[in-house]
């Protein structure tokens, strides 16, 4: 009743639910909150498996996916800004870092990724999803015909 009231009273606000640490993506919550923060683990390499696995049941359009800072605060891994952008493109693309601390090259990469997301948003979220290569079977992951992402940085 609370969620029904809030979402009806504020129809122009996008509410996001949270998987609560992963593996608890709640289909019932999608009725009220059309996107879910898939996992607090924001490491790009680990997000390949998280997003790939989640996409078997849920559409990419429901997954919050952000570019985070490095070294990653969960695992300490450093991945390229380009890889982090590409992995985040396979969800509701956003940034979870201080863009004021980015280099000029990173800002150019961010601008390119934003343009790609805007240009291909319909393809990313309203078309069929094709899993070309599983990150569970090798160090390569390819989804929906996007670039091939390697798990190694």
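Taken together, the values in this text are just the output of simple stated rules run on the coordinates, not laboratory data. Predicted model, so just to flag it, every value in this text is computed and none were measured. Here the Cβ is made from the backbone with ideal geometry for all residues, glycine too, and neighbour counts use every protein chain on show.
Here are some notes:
- Theoretical FRET efficiency, 1/(1+(r/R0)^6), r = Cβ-Cβ of residue 103 and residue 4, R0 30 Å, to 0.05: 0.10
- Top of 25, 95, 124 by mean-square fluctuation, Gaussian network on the chain, Cα under 10 Å: 95
- Of the peptides 83-92, 70-79, 31-40, the ranking by mean beta-carbon count within 10 Å, highest at the top, reads 83-92, 31-40, 70-79.
- Taking every DSSP beta bridge that has both ends in region 42-150, the antiparallel portion is near 45%.
- A quarter of the convex hull surface defined by the alpha-carbon atoms of region 42-150 gives 6.4 nm² as the mean projection.
- Calculated FRET value between residue 137 and residue 73, using beta carbons and R₀ = 35 Å, to 0.05: 0.80
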